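For reference, the structure discussed in these notes is given below.
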Number of protein chains: 2
Amino acid sequence: MMAKRRNEIHYVTIMIVLCSSSNSLVCGGEWEGTWRRRVAEEDEAVTTIACSEHGRAYLDGLILDGNIQPACECNQCYSGSHCSNFLSDCVVDVTRGNLYFLEPFWMQAKSAILVSGWHRMGYSYSDDSYMSQLLVQYIKKLHITLGNAITEERYIIFGSGSTQLLNAAVYALSTNSSLSPSKVVATAPYFPMYRTQTQFFNSKDYRFEGDTSSWKNISDRSSTRFIEFVASPTNPEGKLTDGVLHGPNDKTIYDHAYYWPHFTPIPSPANEDLMLFTISKLTGHAGSRFGWAIIKDEAIYKKMLTYIELNTVGVSRDTQLRALKLLNVLLEGDGREMFQIAYAIMKNRWTRLEQIMSKSKHFSLQELYPHYCTFFQRVRVSTPAHAWLKCERQQDMNCNEILKTVGINGHEGSVFGADNRHVRLSITGSQDEFEILINKLTNLVAKEYMDPNLINLHN
Amino acid sequence: MMAKRRNEIHYVTIMIVLCSSSNSLVCGGEWEGTWRRRVAEEDEAVTTIACSEHGRAYLDGLILDGNIQPACECNQCYSGSHCSNFLSDCVVDVTRGNLYFLEPFWMQAKSAILVSGWHRMGYSYSDDSYMSQLLVQYIKKLHITLGNAITEERYIIFGSGSTQLLNAAVYALSTNSSLSPSKVVATAPYFPMYRTQTQFFNSKDYRFEGDTSSWKNISDRSSTRFIEFVASPTNPEGKLTDGVLHGPNDKTIYDHAYYWPHFTPIPSPANEDLMLFTISKLTGHAGSRFGWAIIKDEAIYKKMLTYIELNTVGVSRDTQLRALKLLNVLLEGDGREMFQIAYAIMKNRWTRLEQIMSKSKHFSLQELYPHYCTFFQRVRVSTPAHAWLKCERQQDMNCNEILKTVGINGHEGSVFGADNRHVRLSITGSQDEFEILINKLTNLVAKEYMDPNLINLHN
């Protein structure tokens with residue numbers, strides 16, 4: 001609260017300074033409030049009017065040859081210059097974990113920023129770092145408000161999304177020994193980036209070694225450093241989990257991308273040695289590429305700092321300014337508004353999904369778990385970002401192929417180190433996208449009963 | 001020119017749409033022009049008034065405990081809440097290559113952007129890429145206007161500064177063979193990141209192998225892939241150079257960070273297979289972390305795309321929007337204004353530097369070369385971003401230590417793979433920083449003649 005108040009005073013002071021200057025234009029009494037609000041509303045107006053509420057126009061939208069209209073970028077299955085044509089036979093792609101369901105919140109929130117042409121041109125902030133210390137303070141305040149992570153006496157480091165931090169963490173935790181590279185493992189089904197990124201960088205210091213289960217029963221792991229990736233909640237399933245390897249030489253990277261109240265009950269603040277978070281699953285701003293790590297050990301923190309410096313010389317200062325504004329909006333008032341809205345939407349989506357899928361004998365969803373949530377102060381079930389759909393019938397070995405017959409394209413289970421009886425369906429997209437998915441799933445389940453061909457085929 | 005005009009029409013269209021809406025507040029006839037200009041001027045006013053023209057306040061400046069004033073971030077050797085105290089005995093740090101000399105240009109240019117809260121929340125653009133195709137078009141137009149690189153029938157890829165692209169290029173050009181990792185080389189004095197980054201990632205696929213000269217006389221290099229880093233102009237010296245290794249299995253990464261008319265004559269458009277550029281040395285926006293590669297070969301392009309995707313999932317879309325605006329301003333009118341201003345400043349700085357150093361027998365600067373510049377359409381000498389200062393006397397083995405006696409801290413030659421008789425001094429900082437540097441160098445040279453102790457010590 002103090003930081004917020006100070007911030008307000010800061011703006012007031014700027015206004016006083018301006019109003020004592022010779023520039024009378026800027027001293028209308030409502031300078032700060034008026035233009036920002038007006039501009040935000042104008043941007044919203046453009047989108048709403050031009051794109052039939054099934055798409056949006058951006059300032060940097062591609063202007064096609066000969067097209068002098070603002071270029072609408074349409075939601076899936078909508079087309080036309082104003083996104084007004086619905087393509088009923090389209091394939092809805094739910095592979096990508098965009099959080100467009102939060103877009104309406106950001107359209108109404110006063111969350112625009114102005115970046116002046118001379119904003120932070122240099123390499124470093126005034127403390128010679130690549131990180132805004134004000135943003136560090138906001139992140140700490142956020143975790144205190146949410147109660148989802150301990151930040152006292154911890155180091156915080158920024159990355160270009162948690163993606164960049166995944167490998168930075170692997171680097172920092174690995175031992176520098178070419179004889180015995182560190183073994184990187186994860187429990188299937190796991191987020192595929194853990195494998196692809198670790199393999200891609202092809203370092204002498206670490207190697208991806210598959211599923212954790214292959215290694216947990218080896219009694220002596222002291223000769224090799226193990227680095228275990230643990231997503232909690234898991235991606236794809238959305239379950240709260242713990243690490244499996246707890247030997248003296250084992251290290252764990254906790255990926256808490258989804259550890260926010262709109263996706264999971266928060267039983268207690270996470271307190272592990274190395275934790276990763278990302279704005280993409282918090283506010284939904286995946287395009288901004290901003291994540292952070294919370295680290296106990298100073299030596300690990302410093303190694304990760306070196307990684308980020310040599311890789312990209314820190315995170316874009318423009319992005320840091322934007323993240324600051326977004327967190328500022330989140331923390332307004334009691335800091336609960338967005339989470340209440342976001343949870344209500346996710347809860348509603350899961351209720352509808354389960355209602356449909358409960359009628360099916362051929363398909364099932366993962367089980368949702370109830371838990372006491374310290375943020376909402378009551379027991380609630382999880383509302384994961386993804387449906388982990390399973391084809392139950394023996395012959396349906398490739399579940400995504402079955403889904404494609406009704407126009408749904410999900411992520412195949414094998415991508416996550418699981419079998420292809422499973423498919424991940426992202427349910428955090430726009431309302432349009434979710435409605436189309438629901439319609440297609442309804443058709444799919446209805447066919448179990450109504451379509452004689454499908455009954456023959458599937459029984 | 002066409003893209004610019006289309007853009008203007010685009011904005012006009014937005015205004016018309018807005019003015020036909022119910023929101024009468026926004027339809028004053030000068031909506032677009034008024035608020036943007038006003039806001040930019042206000043931001044400038046804050047800086048000027050609050051920080052005595054020796055510093056600046058940013059929107060995301062750290063608000064210190066108990067300090068309700070806008071927090072000024074002072075230029076080097078200035079302090080106080082309004083940056084009004086000059087610290088005459090301070091050490092001026094000229095190690096970092098910030099281009100604050102361009103800050104006044106961006107303060108007067110109409111270059112602010114507004115990023116709405118809902119701007120590009122998703123992972124990808126409408127074409128499923130992580131790159132704004134409009135920005136690709138602007139970059140091509142920029143190179144055509146400048147005449148400094150061929151972009152027709154080339155692929156363009158973005159990075160978080162050219163820093164990220166350096167390693168992406170090494171990855172893409174290296175052969176995937178653990179038996180014989182590719183050898184990465186550079187000719188000293190070279191930009192230290194070539195070495196530190198290549199060593200840091202410690203890949204099985206490539207290894208830094210020092211100075212190119214050690215390898216150029218080996219007649220048969222066919223069994224090993226060589227990857228040569230060539231900066232042109234070089235960093236630190238600012239010379240136009242070519243690669244040394246031209247065997248059938250040799251590959252070259254051309255780092256053209258400084259290949260802009262404010263730093264070098266442009267003899268002809270660069271036309272190499274793999275070229276890197278960065279906005280940090282073009283517009284001076286190092287903090288935005290934006291660079292690009294121009295690539296001939298599709299397979300190399302695709303490998304670099306994979307690198308950027310697995311490393312950071314592309315470049316921040318906020319940064320791409322800002323880069324778009326900056327290039328849009330650069331290309332206004334005949335696209336020459338900033339370059340003319342920037343060159344005039346650099347030319348003036350070099351004239352003053354050379355005037356002072358020409359009086360010295362103990363110190364010398366690198367030679368500047370004259371060349372026909374196709375951009376300015378006349379012969380001109382180079383105006384590099386860095387002075388490469390040499391201590392000429394035999395006993396002055398560590399030149400930076402000598403400079404420190406008068407309060408100058410530069411980058412030691414050994415950092416660039418050269419000897420410590422050399423020091424790199426960045427001369428692209430703010431006018432304050434340059435004036436302080438000039439004063440201290442004047443003192444240094446004056447001491448050769450006036451100070452009997454120094455004469456005894458140095459002769």
Practice task
Net charge near B:M193: determine it from the other residues with C-beta under 11 Å of the C-beta of B:M193, scoring Lys and Arg +1 and Asp and Glu -1.
Solution key: -1
Completion exercise
The Cα extents of the range B:357-459 along the principal axes, largest first and rounded to whole Å, are 50, 29, 23
Handout entry: Positive-end extreme of charge dipole, the range A:133-330 - chosen from A:T241, A:T151, A:T319 (charges on Cβ)
Key = A:T319
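Under the definition of partner shielding as Cβ atoms of other protein chains within 10 Å of a residue Cβ, what is the mean value for peptide B:306-312?
Across B:306-312, the average partner-chain Cβ count within 10 Å equals 6.
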Handout entry: FRET E, pair A:T241, B:I341, Förster distance 41 Å, beta-carbon r, rounded to 0.05
Key = 0.10
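Ranked by accessible surface with a 1.4 Å probe, highest first, in what order do A:T95, A:T264 come?
Values: A:T95 25, A:T264 0 Å².
Output order, biggest surface exposure first: A:T95, A:T264.
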Exercise for the section: For A:E354 and A:F376, compute 0.36 nm times the residue count separating them, minus their Cα-Cα distance, and round to one decimal in nm. Expected result: 5.7 nm
Completion exercise
For the range B:140-181, the Cα gyration tensor yields equivalent-ellipsoid semi-axes (√(5λ), largest first, whole Å) of 29, 12, 8
Handout entry: For A:Y125, net neighbour charge (Lys/Arg +1, Asp/Glu -1) across residues whose Cβ lies under 10 Å away
Key = -2
Handout entry: Accessible area of A:D128 in the full protein assembly, 1.4 Å probe (Å², nearest 10)
Key = 120 Å²
Completion exercise
With every protein chain in place, the accessible area of B:F434 for a 1.4 Å probe, in Å² rounded to the nearest 10, comes to 10 Å²
Practice task
Please name the residues of the range A:134-163 whose accessible area, counted over protein heavy atoms with a 1.4 angstrom probe, falls by no less than 10 Å² between the chain alone and the full protein assembly.
Solution key: A:L134, A:Q137, A:S160, A:T163
Exercise for the section: Give the nm distances, rounded to one decimal, from B:Q133 to the matching residue in every other copy, measuring between label points 7 Å along Cα toward the beta carbon; shortest first. Expected result: 4.6
Handout entry: Exercise: per-residue mean of other protein chain Cβ atoms within 10 Å, A:195-202
Key = 4
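How many square angstrom of accessible surface are buried between B and A, both sides summed, with a 1.4 Å probe and rounding to 100?
Working: alone 22470 and 22490 Å², together 34860 Å².
The buried area between B and A, both sides summed, comes to about 10100 Å².
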Exercise for the section: Give, as a single signed number, the net charge of other residues whose beta carbon lies under 11 Å from the beta carbon of B:D242, with Lys and Arg counted +1 and Asp and Glu -1. Expected result: -1
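Take the alpha-carbon positions of the range B:167-214, form their convex hull, and give its projected area averaged over all directions (one quarter of the hull surface) in nm². Before the final figure, lay out each step's value.
On the way: hull surface 12.8 nm².
Projected over every direction and averaged, the Cα hull of the range B:167-214 covers 3.2 nm².
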Exercise for the section: Within 10 Å of each Cβ in peptide A:98-106, how many partner chain Cβ atoms are there on average? Round it to a whole number, please. Expected result: 3
Handout entry: Nearest-first distances (nm) between copies at A:K302, label 7 Å from Cα via Cβ
Key = 4.4
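Within the range A:272-355, which GluC sites (Glu not before Pro) sit in a loop by DSSP and count at most 15 neighbouring Cβ atoms inside 10 Å?
Working: sites: A:E272, A:E298, A:E309, A:E332, A:E337, A:E354; in loops: A:E272, A:E332.
Qualifying residues, ordered by number: A:E332.
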Fill in the blank from the handout: With a ≥ b ≥ c from the Cα gyration tensor eigenvalues, square-rooted, and the rule rounded for a/c under 1.5, otherwise prolate when a/b > b/c and oblate otherwise, the range A:309-415 is oblate
Completion exercise
For B:K141, the aspartates and glutamates lying under 14 Å Cα to Cα, once residues fewer than eight places off in the same chain are dropped, come out as B:E152, B:E153, B:E332, B:D334
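Can you flag which of A:K325/B:K347; A:K239/A:K447; B:K216/B:K296; A:K251/A:K390; B:K239/B:K359 are past 29 Å Cα-Cα?
Details: A:K325/B:K347 40 Å; A:K239/A:K447 31 Å; B:K216/B:K296 25 Å; A:K251/A:K390 32 Å; B:K239/B:K359 24 Å.
Check vs 29 Å cut-off fails for A:K325/B:K347; A:K239/A:K447; A:K251/A:K390.
The values are calculated or read from the model by the stated rules, or taken from the named source; none is laboratory data. Please read all numbers here as calculations on a predicted model, not as lab measurements. Quick reminder, even Gly has a Cβ in these numbers, built from the backbone with ideal geometry, and neighbours come from all protein chains shown. With ligands, DNA and RNA removed, areas are computed over all heavy atoms of the protein, side chains included. Shrake-Rupley method; radii C 1.70, N 1.55, O 1.52, S 1.80 Å.
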